[in-house]
Amino acid sequence: MRVRSVLHILGQLLQIVGLSMIIPLLWGLYYRETESWIFIFCILITFLFGTFLKLVFEMEDIRLIEGFGVVSLCWIIIPIFGALPFILSGELNFIDAYFESISGFTTTGASVINNVEILPKCILFWRSFTHWLGGIGIVVLALIILPALSVGGRQIFLSEPSGPKLDKLKPQVREVGKIIYSIYIFFTATQIILLVLAGMSLFDASCHSFAALATGGFSTKNASIGFYNSPLIEGIIILFMFLGATSFSLHYSAFKGKFKAYLKDSEFLLYVSILGIAILTVTLDLTYNLHENILLSFRHAIFNIISISSTTGYATTDFNLWPDFSRMVLLLLMLVGGCAGGTAGAIKVIRILLLFKIGLREIYRIIHPNAFFSIKLNGKKISEDVLQGVSGFYIFYMVTFALCSLLMLIFGNDFITSISSVAATIGGVGPGFNLVGPMTTYSFLPSIPKIILCFCMLTGRLEVFTLFVLFSPSYWKE
Amino acid sequence: MRLRSVLPIVGKIVMMMSIGMIIPLLCALYYREKEIIVFIACIGITFLSGYFLSRIKEKDIGLRLIEGLAVVSLGWAILTAFGALPFYLSGTLGYIDSYFETMSGFTTTGATVISNVEILPKSILLWRAFIQWIGGMGIIVLAVAVLPALSIGGMQMFDAEAPGPKLDKLKPQMKETAKILYGVYLLFTGIEIILLLIGGMNLFDSTCHTFCTLATGGFSTKNASIGYYNSPYIEAVIILFMFLSGVNFMLHYNLLRGKINYFKDKEFIFYLVVVLSAIILMTFDLFYNVYGNIIDSVRYASFQVTSIITTTGFATANFDLFPSFSRVLLLILMFIGGCAGSTGGGIKNIRVLIILKYLYRELYQYIHPNAILSIKVGEDSIQEDILKDIMGFFIGYIVIFVIATALLTAYGIDIITAISSVAATQGNVGPGLGLVGPMSTYAGLSPFIKIVLTFCMWVGRLEIFTVMVLFVPDFWRE
């Protein structure tokens with residue numbers, strides 16, 4: 001791997017992150033908070049370090065293989081700088097701050113801050129803004145970079161048939177990137193306006209918009225969205241969480257007037273049906289077992305299910321107190337996640353769809369041993385490479401999930417806390433069950449479990465392989 | 001599929017089983033129990049039904065692979081229906097419970113619905129142990145001869161012949177292999193009975209326990225399972241034979257011919273490593289958190305680990321009270337299971353090994369996108385077809401596991417009981433954790449859940465796809 005070009009790109013991105021810290025600085029000045037000076041300091045460090053990297057390391061030709069390094073190193077190093085405001089303001093120690101920052105940039109939403117309402121506004125804003133920055137990165141990652149690297153069967157999204165070079169992608173990257181940014185910004189703006197109209201303050205509206213669209217889940221209130229207790233606000237947030245979790249390439253087609261694209265996409269349809277079934281069963285479960293009336297059950301079910309399955313992690317009620325069946329449904333949704341071209345995490349609906357098709361094919365192959373079956377999606381044949389990538393991804397995901405849960409258990413956590421915390425961080429959801437439920441935080445955990453969970457967040461977000469490639473010695477050979 | 005060529009074969013197997021019922025009849029005569037009539041009636045009904053089935057007119061077209069599948073999967077279900085008669089007619093259990101108990105026997109699971117086994121008549125107890133022993137025999141033939149021919153779950157790699165053999169052609173070879181393996185099975189049974197007699201068990205108990213050990217079943221004649229005897233010698237004997245039953249029987253056969261090639265077999269080495277490392281990990285956990293003395297910790301850890309990984313399910317301690325880490329370790333071992341070609345269940349070590357190698361290859365492939373790598377186990381490289389089958393198997397296994405678990409939680413079972421009972425029945429282990437722990441039984445569950453779990457045992461034992469094909473309409477077409 002050519003480390004130099006990787007560091008050069010990292011430098012560029014750090015400059016952007018540094019500049020974006022100006023926005024929380026402005027909020028700090030507006031509210032006349034003493035913490036504003038921290039941001040001046042952070043901007044200087046981040047921007048200067050970025051410039052330094054950019055100047056020292058010359059850009060060379062980038063090959064496909066550097067893609068892994070760029071993506072993983074950026075996601076590991078940028079959160080360090082993103083954590084600076086938390087550390088310098090004295091709110092958190094380094095590990096907590098890094099955890100919070102990774103949770104932000106990976107749009108997980110797992111928090112170690114017990115009482116967010118006493119934090120200075122500029123810090124809160126930065127916390128939500130990391131989600132938004134991370135979200136943009138993820139969409140680009142999901143639609144452009146990962147397909148080029150063919151991680152976990154992602155090559156399925158490439159328009160070109162086989163093996164494109166990253167060089168060749170550059171103009172395409174810029175073009176697609178621009179469109180995606182504009183959709184992303186458009187959605188954010190719309191959501192802010194709608195939330196302000198629904199009665200939120202501008203500050204809260206923008207923080208929540210950043211987090212909902214990025215499917216992050218940081219809130220400015222301890223009780224999350226439950227604080228507002230307003231069906232209208234919940235409705236708006238449900239809509240944008242859902243949009244964030246569906247593919248941005250579909251939104252792009254919709255902007256060009258092709259609304260039918262949604263209905264033609266099998267992944268989208270499957271996602272909607274999964275949500276439908278989950279909402280229905282959980283509503284019934286809540287009605288019968290918690291004796292809530294059916295409307296309230298429905299309201300709680302629809303919000304929390306879309307929140308969990310889009311891997312956002314907002315809550316309007318303490319779903320940790322739900323009956324076991326509903327909790328199980330939520331746990332499964334944490335593993336499934338949203339659609340592949342969105343900001344959602346976890347395994348992704350399209351992979352689940354392909355896995356089912358692989359299973360079915362296996363059955364048919366046994367009945368007709370001499371026939372050849374190919375798997376189709378949206379009318380197109382899926383190549384065997386993609387299928388292998390998908391199965392490999394799935395198995396890797398499950399193995400990582402099992403191993404990390406085991407590690408969490410070794411550190412003395414109970415069974416449900418361990419599996420749900422790992423499912424929630426590796427899937428980018430945020431809150432889990434029991435000790436890490438929606439009304440509690442991750443702050444009680446010792447340092448090592450926190451580091452394990454940081455690792456989970458990165459692994460899940462970077463689709464497992466991207467990060468694991470770095471652990472292979474032969475990757476580092478030039 | 002031609003049902004008419006399937007049923008006569010099933011009929012013959014049913015007739016053979018009715019002859020097997022003579023053994024508990026003799027036992028009833030010896031102990032002068034009133035169950036003599038029950039067994040005579042059972043023998044009559046079973047023999048006659050088998051006879052009528054076998055008289056169904058068979059067009060002499062021979063068996064195709066698809067009929068082979070039907071013989072195995074339907075045969076298992078039909079045989080169980082007759083095997084359940086003694087429990088039902090003797091008034092011990094209701095029919096669903098009897099069917100559950102018998103399926104648990106034939107699949108060598110060992111999950112029981114009888115809360116107090118010590119009050120049962122000896123003849124019924126013997127029958128209960130004996131069906132496990134017959135089940136074990138069936139499984140060995142299934143694993144070594146039938147499944148490879150049907151190429152289920154990548155098992156064709158154990159097949160000596162070229163791809164795509166006809167079932168007809170296999171017949172003589174099958175008979176030959178089966179005879180040899182039965183020899184090994186009988187020899188082991190004899191040795192273990194003698195060793196247990198030396199350890200002070202009476203003939204009846206040692207016979208029953210031996211039947212259940214070699215089949216990796218786990219029914220005991222005592223409520224406290226092997227813990228009743230509290231004898232290190234008996235435990236050691238049983239550990240040894242459980243371990244041996246978890247190994248591919250072909251290796252034992254080679255041993256009898258004077259060729260010791262255990263350590264040339266990669267699966268055996270992998271199995272040994274997994275068992276030893278699990279024992280070491282659990283010993284530490286038990287040493288620090290439960291017993292505080294190293295000898296007890298080693299003793300209980302080695303018994304529990306061997307019992308669970310070989311999917312036997314005997315217990316010497318209530319492992320449900322072990323610390324979380326040990327419990328989850330056991331849960332993971334339930335998934336791994338024994339070696340292919342043994343009486344153990346679960347995913348099987350060879351598949352786990354190949355999946356791990358596959359994952360490593362995936363990673364390596366990202367770094368060297370143009371390299372063509374084949375996966376090797378020992379010196380043989382694994383064909384891509386087999387890999388695909390193994391992936392398919394793994395996916396199918398997890399899908400069934402998740403659906404069954406969700407069904408159980410929907411019926412109000414807590415998450416730990418649900419997960420562990422499905423893992424324990426699908427992996428043919430027997431006892432799980434929580435409500436279905438080693439010191440309790442499945443008796444308290446509702447009939448629907450028992451049916452789900454019966455299905456899990458059936459599906460898990462027949463390697464998922466053998467049963468799943470029954471649900472495809474294509475399969476039933478002539």
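The values are calculated or read from the model by the stated rules, or taken from the named source; none is laboratory data. From a predicted model like this one, the values you see are computed outputs, not experimental measurements. Quick reminder, even Gly has a Cβ in these numbers, built from the backbone with ideal geometry, and neighbours come from all protein chains shown. Calculation scope for accessible area: heavy atoms of the full protein, side chains included, ligands and nucleic acids excluded. Shrake-Rupley method; radii C 1.70, N 1.55, O 1.52, S 1.80 Å.
Which residues, if any, in segment B:293-330 lose at least 40 square angstrom of accessible heavy-atom surface (probe 1.4 Å) when the other protein chains sit next to their chain rather than the chain being alone?
When all protein chains are present, B:SER324, B:PHE325, B:VAL328 each give up 40 Å² or more of accessible surface.
At 1.4 Å probe radius, can you tell me the per residue accessible area of segment A:299-417 in Å²?
Counting only protein heavy atoms, the per-residue value for segment A:299-417 is 30 Å².
What residues have an amide H closer than 5 Å to that of B:ILE375, excluding those fewer than 5 places away on the same chain, when H is modeled at 1.01 Å from N in the peptide plane?
B:ILE382
Please give the per residue accessible area of chain B, computed with a probe of 1.4 Å over protein heavy atoms only, in Å².
In whole numbers, chain B has 37 Å² accessible per residue.
Output the residues of segment A:55-80 meeting this criterion: accessible area (heavy atoms, 1.4 Å probe) in the chain alone minus accessible area with all protein chains in place is 20 Å² or greater.
When all protein chains are present, A:ILE65, A:PHE68 each give up 20 Å² or more of accessible surface.
In percent, how large is the relative contact order of segment B:330-478, given Cα pairs closer than 8 Å and 6 or more residues apart?
Once normalised by length, the contact order is 21 percent.
Within 10 Å of each Cβ of A:31-42, how many other protein chain Cβ atoms are there on average?
Whole-number average of other-chain Cβ neighbours for A:31-42 is 0.
Helix-only mean residue ellipticity at 222 nm, chain B, DSSP H runs n ≥ 4 weighted -39,500 (n - 2.57), per residue, nearest 500. What is it?
-20500 deg cm²/dmol
So what is the relative contact order of chain A, in percent, for Cα pairs below 8 Å that sit 6 or more residues apart?
Contact order relative to length: 18 percent.
List the residues, sorted by chain then number, that are 5 or more residues from B:LEU433 or on another chain and whose placed amide H is less than 5 Å from its amide H.
So B:LEU433 has HN proximity to B:SER420, B:SER421.
Can you order the peptides B:302-314, A:9-21 by their average number of other Cβ atoms within 10 Å per residue, highest first?
Per-residue mean Cβ counts within 10 Å order the peptides as B:302-314, A:9-21.
Using alpha carbon centroids, what distance separates segment B:285-324 and segment A:318-348, in Å?
34
Once every DSSP H run of n ≥ 4 in chain A is given -39500 (n - 2.57) and the sum is divided by its residues, what mean residue ellipticity at 222 nm do you get, rounded to the nearest 500 deg cm²/dmol?
-21000 deg cm²/dmol
Please turn the phi angles of segment A:422-436 into ³J(HN,Hα) values with the Karplus equation 6.51 cos²θ - 1.76 cosθ + 1.60 (θ = phi - 60°), one per residue in order, whole Hz, x for glycine and proline.
My calculation for segment A:422-436 gives 5, 4, 6, 8, 5, x, x, 8, x, x, x, 10, 6, 5, 10 Hz in order.
Given the protein chains as shown and a 1.4 Å probe, how many square angstrom of B:TYR31 are accessible, to the nearest 10?
Surface open to solvent at B:TYR31 totals about 90 Å².
Express in Å², to the nearest 10, the accessible area of A:LEU321 obtained by rolling a 1.4 Å probe over the protein heavy atoms while all chains stay in place.
Answer for A:LEU321: close to 120 Å² accessible.
Which value, in Å² and to the nearest 10, is the accessible area of A:TRP476 when all protein chains are kept and the probe is 1.4 Å?
My reading of the accessible area for A:TRP476 is about 110 Å².
Residues with amide H under 5 Å of A:LEU377's amide H, sequence separation 5 or more or different chain, H placed in the peptide plane at 1.01 Å from N; which?
A:ILE382
Across the residues of A:407-418, average count of Cβ atoms on other protein chains within 10 Å?
Whole-number average of other-chain Cβ neighbours for A:407-418 is 4.
What list of ³J(HN,Hα) couplings, whole Hz, do you get for segment B:424-441 from phi and the Karplus terms 6.51, -1.76, 1.60, once you set θ to phi - 60° and write x for glycine and proline?
6, 7, 5, x, 6, 8, x, x, x, 10, x, 5, 10, x, x, 9, 10, 10
Would you jot down the residues in segment A:360-394 that end up with at least 50 Å² less accessible area in the complete protein assembly than in the chain alone, with a 1.4 Å probe?
Listed in order, they are A:GLU362, A:ILE363, A:ILE366, A:ILE367, A:GLN388, A:TYR394.
From the phi of every residue in segment A:86-92, what ³J(HN,Hα) in whole Hz does the Karplus formula 6.51 cos²θ - 1.76 cosθ + 1.60 yield, where θ is phi - 60° and glycine or proline is x?
Computed from phi, the couplings for segment A:86-92 are 5, 6, 5, 7, x, 6, 9 Hz.
How would chain B be classified by its alpha-carbon gyration tensor: rounded, prolate or oblate, with rounded meaning a/c under 1.5 and the a/b versus b/c comparison settling the rest?
rounded
Within the protein assembly as shown, what whole-number % of the accessible surface is contributed by carbon and sulfur, with the 1.4 Å probe and all protein chains included in the calculation?
The C+S portion of the solvent-accessible surface of the protein assembly as shown is 68 percent.
Find the relative contact order for segment B:1-55 and round it to a whole percent, using C-alpha pairs within less than 8 Å whose residues are 6+ positions apart.
55 percent.
Hey, can you rank B:194-204, B:40-50 by average C-beta count inside 10 Å, highest first?
Final packing ranking: B:40-50, B:194-204.
Using a probe radius of 1.4 Å on protein heavy atoms only, what is the accessible area buried between chains B and A, both sides summed, to the nearest 100 Å²?
So the total buried area for this chain pair works out to about 4100 Å².
Just tell me which lysines come within less than 28 Å, Cα to Cα, of B:LYS175; anything on the same chain fewer than 8 places away is out.
B:LYS12, B:LYS57, B:LYS59, B:LYS166, B:LYS259, B:LYS264, B:LYS266, B:LYS348
When a/c is below 1.5 the answer is rounded, else prolate if a/b is larger than b/c, else oblate, so apply that to chain A with a ≥ b ≥ c taken from the square roots of the Cα gyration tensor eigenvalues.
Since a/c stays below 1.5, the shape of chain A is classed as rounded.
Where the centroid of each part is defined by its Cα atoms, how far is segment A:99-115 from segment B:16-81 in Å?
Segment A:99-115 and segment B:16-81 have Cα centres spaced 62 Å from each other.
For chain B, which span is the longest to avoid every loop-located (per DSSP) member of trypsin sites (Lys or Arg not before Pro) having at most 11 other Cβ atoms inside 10 Å?
Answer - B:260-476.
Using alpha carbon centroids, what distance separates segment B:357-399 and segment B:433-466, in Å?
32
Using the heavy atoms of the protein chains alone and a 1.4 angstrom probe, what is the accessible area of segment A:1-138 per residue in square angstrom?
39
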